[in-house]
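Below: the structure, in structure tokens.
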């Protein structure tokens, strides 16, 4: 009898594997839990996001700047010539990377020796840590067929070691444009569950933000804020599913939610009543806490 | 004749001053351009944001965890007893910090020896680098009067040196909640000019997101994206003023803008026409570039 080990997929770091670890082949990579499939470059599904990708030179439109990667999605290429012979679809691994982008989930990145990249290892495969999918888009590839592309940026949380020196001349990155971070939206496992419950529709206006494939984007908003000094908990009772506009409006004090679930503007105007799913037990104490740190509308609560 | 040197206010780092630099007194701090006022804890105005703050122990509700600070705004305290004797208003320096929060602007942070903080220097003042205003809120302070508070988080861009070891026992920070960054919105000087032109109203829907003081929040969206591989320029011709919902919808491919300024959903439905100020010369080539990286609606452009 053959013993089959089922490796469950997981998002994020693998506890036993350091950044920079090397592997002889795809089988070793899979055994370590870094990248499960033996062939596919992307591991993961649309519902939960991508777990890992392997850069191995299968696509002519890839670009590797080390800490930043333009990764061409899967499909439409001839396995022998490695050329695009058909349009790519936003399905399978490509749809998984889209989910990773919209949820801000980390993706494990592996470079293989076959990659057309100055950062490729000389032999085998190297685990290079976690990257964030900053954006995705589709365009006509060099071949004339449509490809889906994903910009990945190396995450600095946990201060990973720098990548090994490039072995060939790295491409010259254009100078970065000076900008500051205006707003950071965070995600967590509990927030994902709340958003799923409302199918990414806002609990204030009922709207979601449509994306390219017709799915919706929404954000999880903590009622009692996370972190010092509020220390709100990250569980469903403390999280609302909001569109970006109502999330920003809540965070910047432009609306309040009362214990009667009434949503009011700062001038007291009633904007509506919070939509609540019967299985979503929102903590009234979190609502009260939020009210205590918000300037009240003139006309009562 | 007295020679008066006018130091113009500036946001961000001061080229000649390293993080960790120390100063004997407020006069030296002002001469160096780090913090201009001799008395006030906050330097800056509502229209452009806060330039710098000094932690010097003036407020009983401050909290200093080193890389994270809860900073109580100005006003309402008795200069002799340092106790709150009146409500604080969202004006002057407090309004400047609100602007810094909504624009994501860096604020120079200085710690003085008088601060009730384990990270205060033993004498004089120390420049501790740039912090971002993560959030703001108002609450009843310990005194019973309303205070405005600002959560500041140290910025890691440019990898500043770690803060000196605390000189007294630092407060125990509660464990951080595991979360990932779902979405990052960036700001730039050019984006600020475009947003000002539209008074923070969205060029698609005409709406802005109201904040606590009745002002509006909006975002600058680059038509041809910044950074590799698109390398769009950071100037007004390439930037739109959008509400967070339409910004996310543009980024995630849920709407397209045509060369006729028509805004369409991915199913071809017309959402409207882009509002354009006569002084805003939007680059049609950026619109064309964006179209080239967006999956088209079924029914034409």
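The values are calculated or read from the model by the stated rules, or taken from the named source; none is laboratory data. The model shown is predicted, which means the values in this text are computed figures rather than measured ones. Because the Cβ atoms are built from the backbone with ideal geometry, glycine has one as well, and the counts that use them run over all protein chains shown.
Hey, among B:105, B:55, B:90, B:79, which residue is over 23 Å from residue B:16 (Cβ atoms) and touching a residue at least 24 places away in the same chain (Cβ under 8 Å)? Give the derivation first.
On the way: B:105 fails: over 23 Å from residue B:16 (Cβ atoms); B:55 fails: over 23 Å from residue B:16 (Cβ atoms); B:79 fails: touching a residue at least 24 places away in the same chain (Cβ under 8 Å).
Exactly one residue qualifies, and that residue is B:90.
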Exercise for review: Determine if the stretch B:177-188 includes at least one residue that is in a strand (DSSP E or B), outside the structural domain of residue B:75 (by TED's automatic domain parsing) and more than 19 Å from the chain's Cα centre (by Cα).
Suggested key: yes
Evaluate the stretch A:29-41: report whether one residue or more is free of Cβ contacts under 8 Å to residues at least 60 places away in the same chain and under 30 Å from residue A:241 (Cα atoms). no
When the stretch A:224-249 is checked residue by residue, the ones that are more than 9 Å from chain B (Cβ to nearest Cβ) and surrounded by fewer than 23 Cβ atoms within 10 Å (Cβ to Cβ) are A:224, A:235, A:236, A:237
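Looking only at the stretch A:204-223, which residues are over 22 Å from residue A:293 (Cβ atoms) and either touching a strand residue (DSSP E or B) at 6+ places or on another chain (Cβ under 7 Å) or surrounded by 22 or more Cβ atoms within 10 Å (Cβ to Cβ) (or both)?
First pass over the stretch A:204-223, keeping only residues over 22 Å from residue A:293 (Cβ atoms): A:205-218.
Hits for the stretch A:204-223 are A:208, A:209, A:210, A:211, A:216, A:217, A:218.
Condition check: over 24 Å from residue B:248 (Cβ atoms), within 14 Å of another protein chain (Cβ to nearest Cβ) and touching a strand residue (DSSP E or B) at 6+ places or on another chain (Cβ under 6 Å). Does residue A:295 satisfy that?
On the way: over 24 Å from residue B:248 (Cβ atoms): yes; within 14 Å of another protein chain (Cβ to nearest Cβ): yes; touching a strand residue (DSSP E or B) at 6+ places or on another chain (Cβ under 6 Å): yes.
Answer is yes for this residue.
Just wondering, is there one or more residues in the stretch A:196-203 that are closer than 23 Å to residue B:103 by Cα, surrounded by fewer than 21 Cβ atoms within 10 Å (Cβ to Cβ) and either within 7 Å of chain B (Cβ to nearest Cβ) or in contact (Cβ under 8 Å) with a residue 40 or more places away in the chain (or both)? Even if it seems obvious, please write down each step before you answer.
Within the stretch A:196-203, the subset closer than 23 Å to residue B:103 by Cα is none.
No, that holds for no residue.
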Exactly one of A:64, A:78 is under 24 Å from the mean Cα position of the chain (by Cα) and under 24 Å from residue A:116 (Cα atoms), and that residue is A:64
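Being modelled with pLDDT of 95 or more, in contact with a strand residue (DSSP E or B) (Cβ under 6 Å, 6 or more places away or on another chain), in a helix (DSSP H, G or I) and under 30 Å from residue B:92 (Cβ atoms) is the requirement here; does residue B:195 meet it? It would help to see each step written out before you state the result.
Numbers: modelled with pLDDT of 95 or more: yes; in contact with a strand residue (DSSP E or B) (Cβ under 6 Å, 6 or more places away or on another chain): yes; in a helix (DSSP H, G or I): yes; under 30 Å from residue B:92 (Cβ atoms): yes.
Yes; evaluated as a whole, the condition is true for this residue.
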Of the residues in the stretch A:208-223 that are over 22 Å from residue B:210 (Cα atoms) and outside any loop (DSSP other than H, G, I, E, B), the one that is farthest from the other protein chains (Cβ to nearest Cβ) is A:216
Practice problem: Tell me, please, whether a residue that is away from chain B (no Cβ under 12 Å) and touching a helix residue (DSSP H, G or I) at 6+ places or on another chain (Cβ under 8 Å) can be found in the stretch A:139-157. | Solution: no
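Being within 14 Å of another protein chain (Cβ to nearest Cβ), touching a helix residue (DSSP H, G or I) at 6+ places or on another chain (Cβ under 7 Å) and within 30 Å of residue B:208 (Cα to Cα) is true for just one of B:95, B:50. Which residue is that?
On the way: B:95 fails: touching a helix residue (DSSP H, G or I) at 6+ places or on another chain (Cβ under 7 Å).
Just a single option satisfies the conditions, and that option is B:50.
Per-residue answers, yes or no, for (1) at the interface with another protein chain (Cβ under 9 Å from one of its Cβ atoms); (2) surrounded by 21 or more Cβ atoms within 10 Å (Cβ to Cβ):
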residue: B:167; (1), (2): no, no
residue: B:174; (1), (2): yes, no
residue: B:188; (1), (2): yes, yes
residue: B:192; (1), (2): no, no
Exactly one of A:270, A:282, A:287, A:257 is crowded, with 22+ Cβ neighbours inside 10 Å and over 16 Å from residue B:135 (Cβ atoms), and that one is A:257
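Yes/no matrix, rows are residues, columns are (1) modelled with pLDDT of 95 or more; (2) surrounded by fewer than 21 Cβ atoms within 10 Å (Cβ to Cβ):
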site: A:91; (1), (2): yes, yes
site: A:100; (1), (2): yes, no
site: A:103; (1), (2): yes, no
site: A:111; (1), (2): yes, no
site: A:117; (1), (2): no, no
site: A:124; (1), (2): yes, yes
